[in-house]
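Undergrad: Quick one: the structure is below, and I'll ask about it shortly.
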Amino acid sequence: MNNKPDLRFKLVDALLLIMMALPVALGWFLKVAFVTPSEGIQITGASVFFTVHLPIQDLPVSEAQVNSWIVIISLFFLCLYITHGIRANVYTRRAVMAEWAVELVEGLVKSNMGEFFAGMAPFVAAILALSAFSSLMSLIGLFSPTSDLNIVAGWAILVFILITYYKMKCGPLHYLKSFAEPVPFLAPLNIISEVATPISMAFRHYGNILSGAVISVLVAEGLAGLSHILFGWLPGALGDFPFLRIGIPAVLSIYFDVFSGCLQAFIFAMLTMLYIGGAFSLEDYLARKKAKAKTKKA
Amino acid sequence: MLELAIGIILGGCALGAGCAMIAGIGPGIGEGNAVAKACEAIGRQPESRSAVTTTMLMGCAVAETTGLYALVIAILLIFVAPGRFVDILLSAIS
């Protein structure tokens, strides 16, 4: 078997790459076609493309939802592209990249949640990749879905359901009893702290990304005003051109878009692992399983 | 008279947003403490650098929560609340 890729392989590669880039191009097109540009400071939420009329409540389809679907589809084809033509013991650049990503997440899951949760790795990887790429979307000029509370709250609620599921795994009675610890009259506080978990997770992620976006807009606007004061005496169009906007906001962007986005993705995934891992004790589960088997036999 | 009432609403919202961000002091001090202790720990045991850094980032993220609650409230007060309050005022007058 020769290692030279044949024409068919290359064609499929090109198709996957095109499918990866197509959603992003669609996002740019939608932004250019439907979002009205404005002069000066504009800090608004996601703009609504259209509204679907439903019997109970109208469903507005906003930029955040469309962009998060763009991320999902692009990531899907990125995964297909990376794993395309992967074979055992043949180390191409792509195979090494795929292996690195899988081993990274599996190592994280195993060291934070234990061997029992090794099957959780794809879920954690999905959250990590979705969150990171959603935040990085602002680098290519699109609205980043994570600066909309609805998207992040959806992920947080999903994690909350998983936490509750793993708490229930040791039996519903065991779950209810956990609210009355250490003393029964602290139950309201326990319930509040239970509900606060998804809220704080969603607010943490969304607040960090949104505050970065707001500060970037304010700084860009301030620099435009400052350069108007400094260079306003230049003749003609030169006087109106915001010179200070060249390059300086990029320094902030490195922190707010790249560093903060990746860090928040890591923290969200880390908290997911810690909360789910902490909700479940293997000893209780095994004891319950044993007790159940005993009653079945008797 | 209506202008004055709307002015008071806008001023109150802006003032409230500013007051809410006083909460930024807490996470600042807390995260500063956490990073200082992490630096000390790395200085004592340079080989445990990666574990200490990961734990520190997690701690910082959790310590940041109260500050972010304040941030969310400030953002709501600036971008959402004025319109709401003006609507309430107008509907109360008419």
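Undergrad: Take the conditions free of Cβ contacts under 8 Å to residues at least 60 places away in the same chain and within 14 Å of chain B (Cβ to nearest Cβ) and apply them to A:SER227. Does it pass?
TA: Numbers: free of Cβ contacts under 8 Å to residues at least 60 places away in the same chain: yes; within 14 Å of chain B (Cβ to nearest Cβ): no.
When the stated conditions are applied, A:SER227 does not pass them.
Undergrad: Determine the pairs where a residue that is without any contact (Cβ under 8 Å) to a residue 60 or more places away in the chain, located within segment B:36-50, has a partner that is of a type in the set (A, V, I, L, M, F, W, C) and surrounded by 12 or more Cβ atoms within 10 Å (Cβ to Cβ) with Cβ atoms under 6 Å apart, the partner being 6 or more residues away or on another chain.
TA: B:ALA38/B:VAL52; B:ALA38/B:MET56; B:ALA41/B:VAL52; B:ILE42/B:VAL52; B:ARG49/B:ILE42
So that you can scan it fast, the table gives a plain yes or no per residue for (1) without any contact (Cβ under 8 Å) to a residue 60 or more places away in the chain; (2) open to solvent by less than 20 Å² (accessible area, probe 1.4 Å); (3) assigned to a helix (DSSP H, G or I); (4) out of contact with any Asp or Glu (no Cβ under 7 Å at 6 or more places or on another chain):
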{"position": "A:ARG87", "(1), (2), (3), (4)": "yes, no, no, yes"}
{"position": "A:ARG94", "(1), (2), (3), (4)": "yes, no, yes, yes"}
{"position": "A:PRO122", "(1), (2), (3), (4)": "yes, no, yes, yes"}
{"position": "A:LEU130", "(1), (2), (3), (4)": "no, no, yes, yes"}
{"position": "A:PHE133", "(1), (2), (3), (4)": "no, no, yes, yes"}
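Undergrad: When you look at A:SER211, is it away from chain B (no Cβ under 14 Å), under 16 Å from A:LEU136 (Cα atoms) and surrounded by 15 or more Cβ atoms within 10 Å (Cβ to Cβ), yes or no?
TA: In short, no.
Undergrad: Right, next: When segment A:236-295 is examined, which residues are found to be β-branched (Val, Ile, Thr) and assigned to a helix (DSSP H, G or I)?
TA: Scanning segment A:236-295 gives A:ILE248, A:VAL251, A:ILE254, A:VAL258, A:ILE267, A:THR272, A:ILE276, A:THR295.
Undergrad: While we're here: I need a count of the residues in segment A:164-201 that are over 29 Å from A:SER62 (Cα atoms) and in a helix (DSSP H, G or I).
TA: 25
Undergrad: If you check A:PHE29 against the conditions, is it open to solvent by 40 Å² or more (accessible area, probe 1.4 Å), in a strand (DSSP E or B) and closer than 17 Å to A:SER144 by Cα?
TA: Criteria not met by A:PHE29.
Undergrad: Condition first: more than 14 Å from chain A (Cβ to nearest Cβ) and surrounded by fewer than 17 Cβ atoms within 10 Å (Cβ to Cβ). Now tell me which residues in segment B:43-63 satisfy that.
TA: Hits for segment B:43-63 are B:GLY43, B:ARG44, B:GLN45, B:PRO46, B:GLU47, B:SER48, B:ARG49.
Undergrad: Can you find a residue that is in contact (Cβ under 8 Å) with a residue 12 or more places away in the chain, under 21 Å from A:LYS31 (Cβ atoms) and more than 14 Å from chain B (Cβ to nearest Cβ) anywhere in segment A:165-186? Spell out the reasoning first.
TA: Filtering segment A:165-186 down to residues in contact (Cβ under 8 Å) with a residue 12 or more places away in the chain leaves A:166-167, A:169-171, A:174, A:178-179.
Restricting the remaining residues to those that are under 21 Å from A:LYS31 (Cβ atoms) gives none.
No - not one qualifying residue is present in segment A:165-186.
Undergrad: Regarding B:THR66, is this residue open to solvent by 80 Å² or more (accessible area, probe 1.4 Å), within 14 Å of chain A (Cβ to nearest Cβ) and out of contact with any Gly (no Cβ under 8 Å at 6 or more places or on another chain)?
TA: No, not satisfied.
Undergrad: Does A:PRO60 qualify as being modelled with pLDDT under 90, on the phi < 0 side of the Ramachandran plot and not in a loop (DSSP other than H, G, I, E, B)?
TA: yes
Undergrad: Can you pull out the residues in segment A:191-202 that are surrounded by fewer than 15 Cβ atoms within 10 Å (Cβ to Cβ) and over 18 Å from A:ALA269 (Cα atoms)?
TA: Selection gives A:ILE191, A:ILE192, A:SER193, A:VAL195.
Undergrad: Please tell me if A:GLY171 is touching a Lys or Arg at 6+ places or on another chain (Cβ under 9 Å), surrounded by fewer than 22 Cβ atoms within 10 Å (Cβ to Cβ) and either under 20 Å from A:VAL258 (Cβ atoms) or modelled with pLDDT of 90 or more (or both).
TA: Here the answer is no, as A:GLY171 does not meet what is asked.
Undergrad: Being of a type in the set (Phe, Trp, Tyr) and either touching a Gly at 6+ places or on another chain (Cβ under 9 Å) or within 21 Å of A:SER134 (Cβ to Cβ) (or both), is that true of even one residue in segment A:220-231?
TA: yes
Undergrad: So, one more: From A:PHE259, A:PHE280, which residue is closer than 30 Å to A:PHE133 by Cβ and within 14 Å of chain B (Cβ to nearest Cβ)?
TA: When all the criteria are applied, what remains is A:PHE259.
Undergrad: Return only the number of the condition from (1) under 30 Å from B:ILE8 (Cβ atoms); (2) surrounded by 14 or more Cβ atoms within 10 Å (Cβ to Cβ); (3) within 14 Å of chain A (Cβ to nearest Cβ) that B:PHE85 does not satisfy.
TA: Among (1) under 30 Å from B:ILE8 (Cβ atoms); (2) surrounded by 14 or more Cβ atoms within 10 Å (Cβ to Cβ); (3) within 14 Å of chain A (Cβ to nearest Cβ), the lone unmet condition for B:PHE85 is (3).
The values are calculated or read from the model by the stated rules, or taken from the named source; none is laboratory data. On a predicted model such as this, the values are computed, not experimentally measured, just so you know. Positions of Cβ are generated from backbone atoms using ideal geometry, with glycine treated the same way; all protein chains shown enter the neighbour counts. Please note that ligands, DNA and RNA were not included when accessible areas were found on the heavy atoms of the full protein model with its side chains. Shrake-Rupley method; radii C 1.70, N 1.55, O 1.52, S 1.80 Å.
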